[in-house]
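To keep things clear, I will list the structure first and then write my remarks on it.
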Amino acid sequence: MSAATVADRDNLVEANLVSTRGNFDLDVTLRIPAGGVLALLGPNGAGKSTALQILAGLLARNGSTVTVGGTTWDDASSGIRRPTEERSVGVVFQDYLLFPRLNARDNIAFGLRARGLDKAAARRVADSWLARVGLEGFGDRRPAGLSGGQAQRVAIARALAPEPQLLLLDEPLAALDAGTRMNVRTDLRQHLAAFGGATVVVTHDALDALVLADQIVVIEAGRVVQQGTPRDVAGKPRTRYVAQLVGLNLFRGKATGTSVDLDGGGHLVTAQPLDGPVFVVARPRDIAVHREHPEGSSRNVWQAAVTNVEQHGDLVRLAASGRPDAFVDVTAEAIAELDLAVGRQVWLSVKATALDVYPD
Amino acid sequence: MTDLAQSLPLVPPHRKVHTPYGIFVPALIGAAFLLLPLIGLLVQAPWRDLPGLIGGQAVRTALRLSLETATSATVVAIILGVPIAWVLARVEFRGRGVVRALVILPLVLPPVAGGIALLLAYGRHGVVGQWLWSTFGISLPFTTVGVVVAETFVAMPFLVVAVEGSLRGLDPRFDQVAATMGASRWFTFRYVTLPMLGPGIAAGAVLCWARALGEFGATITFAGSYPGTTQTMPLQVYLALQDNPDAAIALSLVLLVVSVAILAGLRDRWLRP
């Protein structure tokens, strides 16, 4: 945050998004280079949509500062607020909001027409976009005649056709069913890769963020709690929310060499020595479950009670309550073999070398 | 016991409710009450003389005048009424309720009173009429334009109510979408809002037109009844009733046919619950 005043010339978008409404307040700083894709990841109510609205100029009265390509769009201190229609943005709304009385071609041509291109030229561009998103021949269809995936692609084309500097995607895949989502996500990634401007993707889906973005900003309750590359965020979560999203056990504690005393009670031994406050991460599949105290090489063994059993892909995920609590993935055979059920007392073990540790 | 009660919904969905027999009797009487006059009109109609009665020059002149004035009134109502509906639906301002009440007032005001109010405003000695007369030499009462004014006054609220309803049903986020694509407010109104409002405006316009076509009280008060210039069909029906009842019936029949045609045209919108 301290670097907010130092403008980074390489960034196309510099934004300090500030808004206070009732008892919710948002204060998030984003920097995106040209061609960069930033995912704003967070739970419902974290302020993601508010952030998008500020960037699009759709939120009246806020204390934000937004600069795009060296031009100031918002500056609360000098009272600058460029109206939405004068911002070079493209927005894909969660439910797309395609104009129902216009066909796919005219939906895509709309932004070009609004900026003064003549009808024939705008339609030619729209047709080339239809081809780019794989919807050749669908130009005459109204939105009601398009599937969810097709409507999504029209919405993307509509947002990109006027070649905006800033592309905003609000939960772009949330309205799709699981089967369609995978294909559309892959297509979307390609369109974003070809896009020269800056992109902000708002999502609460970790996979969307990991696949689409090259920079992830995690926000909770209006504040940035973690940011970094998808690899950083997925491998080194810093909050319980992120850990849960990426499916990891996250423990917080104080390290003395390879020994870590956990904040919630319990103790773990790691392979890498560190000192001071640390995070320790354990993959659920690296934790083993036993009915008896295990013999063997694991340095970390503790007792816990099974509190939940849930199918999780081709594995079964156990929630176990102990010191510390942990999620454990086991095979279906193991469930039968060990007779695991809610309430069962078990022993958990994890090798020191299977634990990742990094400073808090 | 409690568990069972909770598992059963209070009213099972999609199940016909038993209607008390006491409801059917007044319902039937009411329907007959509405239907009988129409049947009477059909039975009493002088079918053999019909071509002669409605084919005459006077009737054709009155019918053409009615259609022309009702259509003009509808056009004026669209031009003025759609913006009124927009402001009422989308602009927050103090006293909006009062303005809405005033705009809707002609719906409930007896048309004769409306005609008198029009005379006081737009008559040659009226507040605005005096100025119109002294400045431009224009006098509205007892002219065809006066008929249009009277019909617009009475019929426009129908259009305003219908269009305001459709505007409220529109997702205002479409305006935001258009703005993010660089569309000015006017461009958005022209190419996004108006097309989506189309059906609502059409329905309101038909209602407005039908009301204007049947206008009597305000028209006769404000515009009088001069054949060729202000004597519309309803006025002619009334006058015919005094000396040629058969002609009155025949003319009513023509108006009934026009009304049924309108209903048929709107069946998809209003005849489905």
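Which one is farthest from the other protein chains (Cβ to nearest Cβ) among residues in region A:59-89 that are in a loop (DSSP other than H, G, I, E, B) and surrounded by 17 or more Cβ atoms within 10 Å (Cβ to Cβ)?
A:Gly63
Can you tell me which of (1) buried (at least 20 other Cβ atoms within 10 Å of the Cβ); (2) away from every other protein chain (no Cβ under 14 Å); (3) among the aromatic types (Phe, Trp, Tyr) is the one A:Phe24 doesn't meet?
With (1) buried (at least 20 other Cβ atoms within 10 Å of the Cβ); (2) away from every other protein chain (no Cβ under 14 Å); (3) among the aromatic types (Phe, Trp, Tyr) applied to A:Phe24, the lone miss is (1).
I need a count of the residues in region A:88-112 that are modelled with pLDDT under 95 and among the basic types (Lys, Arg).
Counting residues in region A:88-112 that are modelled with pLDDT under 95 and among the basic types (Lys, Arg) gives 1.
Can you tell which of A:Ala114, A:Ala56, A:Ala46 is of a type in the set (Gly, Ala, Ser), away from chain B (no Cβ under 14 Å) and crowded, with 20+ Cβ neighbours inside 10 Å?
After ruling out the rest, the residue left standing is A:Ala46.
Among the helices (runs of 4 or more DSSP H) contained in region B:156-273, which hold 1 or more residues that are within 14 Å of chain A (Cβ to nearest Cβ) and surrounded by 14 or more Cβ atoms within 10 Å (Cβ to Cβ)?
Where helices (runs of 4 or more DSSP H) fall fully within region B:156-273 and carry at least 1 residues being within 14 Å of chain A (Cβ to nearest Cβ) and surrounded by 14 or more Cβ atoms within 10 Å (Cβ to Cβ), they are B:173-180, B:185-188, B:194-213.
Yes or no: A:Ala104 buried (at least 19 other Cβ atoms within 10 Å of the Cβ) and either within 9 Å of another protein chain (Cβ to nearest Cβ) or under 21 Å from A:Asp205 (Cα atoms) (or both)?
In short, no.
Which ranges mark the helices (runs of 4 or more DSSP H) fully within region B:20-137 that have 1 or more residues being within 22 Å of B:Gln236 (Cα to Cα)?
B:21-44, B:50-55, B:57-90, B:111-122
Which of the following residues is surrounded by fewer than 19 Cβ atoms within 10 Å (Cβ to Cβ) and on the phi > 0 side of the Ramachandran plot: A:Glu163, A:Glu171?
None of the other options fit; the residue is A:Glu163.
Would you confirm whether any residue within region A:90-101 is of a type in the set (Gly, Ala, Ser) and either surrounded by fewer than 24 Cβ atoms within 10 Å (Cβ to Cβ) or not in a strand (DSSP E or B) (or both)?
Looking for residues that are of a type in the set (Gly, Ala, Ser) and either surrounded by fewer than 24 Cβ atoms within 10 Å (Cβ to Cβ) or not in a strand (DSSP E or B) (or both), one finds none in region A:90-101, hence no.
If you go through region A:339-360, how many residues are exposed (fewer than 15 other Cβ atoms within 10 Å of the Cβ), closer than 23 Å to A:Val309 by Cα and not small (Gly, Ala, Ser)?
The total comes to 3.
Out of all the residues in region A:178-209, which are hydrophobic (A, V, I, L, M, F, W, C), under 8 Å from the mean Cα position of the chain (by Cα) and surrounded by 19 or more Cβ atoms within 10 Å (Cβ to Cβ)?
Answer for region A:178-209, where residues must be hydrophobic (A, V, I, L, M, F, W, C), under 8 Å from the mean Cα position of the chain (by Cα) and surrounded by 19 or more Cβ atoms within 10 Å (Cβ to Cβ): A:Val201, A:Val202, A:Ala206, A:Ala209.
Might you check whether a residue that is more than 30 Å from A:Arg61 (Cβ to Cβ) and in a loop (DSSP other than H, G, I, E, B) occurs anywhere in region A:107-116?
Yes, region A:107-116 contains a residue that is more than 30 Å from A:Arg61 (Cβ to Cβ) and in a loop (DSSP other than H, G, I, E, B).
Answer yes if at least one residue in region A:314-321 is more than 24 Å from the chain's Cα centre (by Cα), in the same structural domain as A:Thr258 (by TED's automatic domain parsing), within 17 Å of A:His293 (Cα to Cα) and touching a residue at least 12 places away in the same chain (Cβ under 8 Å), and no otherwise.
yes
One line per residue, one yes/no per condition, for (1) in contact with a helix residue (DSSP H, G or I) (Cβ under 8 Å, 6 or more places away or on another chain); (2) closer than 23 Å to B:Leu197 by Cα:
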site	(1), (2)
B:Thr71	yes, yes
B:Glu92	no, yes
B:Val112	yes, no
B:Ala121	yes, no
B:Val127	yes, no
B:Ala150	yes, no
B:Phe158	yes, yes
B:Gly165	yes, yes
B:Asp171	no, yes
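Would you check which residues across region A:13-33 are among the β-branched types (Val, Ile, Thr) and at positive phi and list them?
Across region A:13-33, there are no qualifying residues.
What about A:Leu17, is it surrounded by 19 or more Cβ atoms within 10 Å (Cβ to Cβ) and part of a loop (DSSP other than H, G, I, E, B)?
Taking the combined requirement at face value, the residue does not satisfy it.
When only residues in region A:118-135 that are closer than 17 Å to A:Leu102 by Cα and in a loop (DSSP other than H, G, I, E, B) count, which is nearest to the other protein chains (Cβ to nearest Cβ)?
In this case the residue turns out to be A:Asp118.
The values are calculated or read from the model by the stated rules, or taken from the named source; none is laboratory data. Bear in mind that the values here come from a model prediction, so they are computed numbers and not experimental data. No Cβ is skipped: glycine too gets one built from the backbone with ideal geometry, and neighbour counts run over all protein chains shown.
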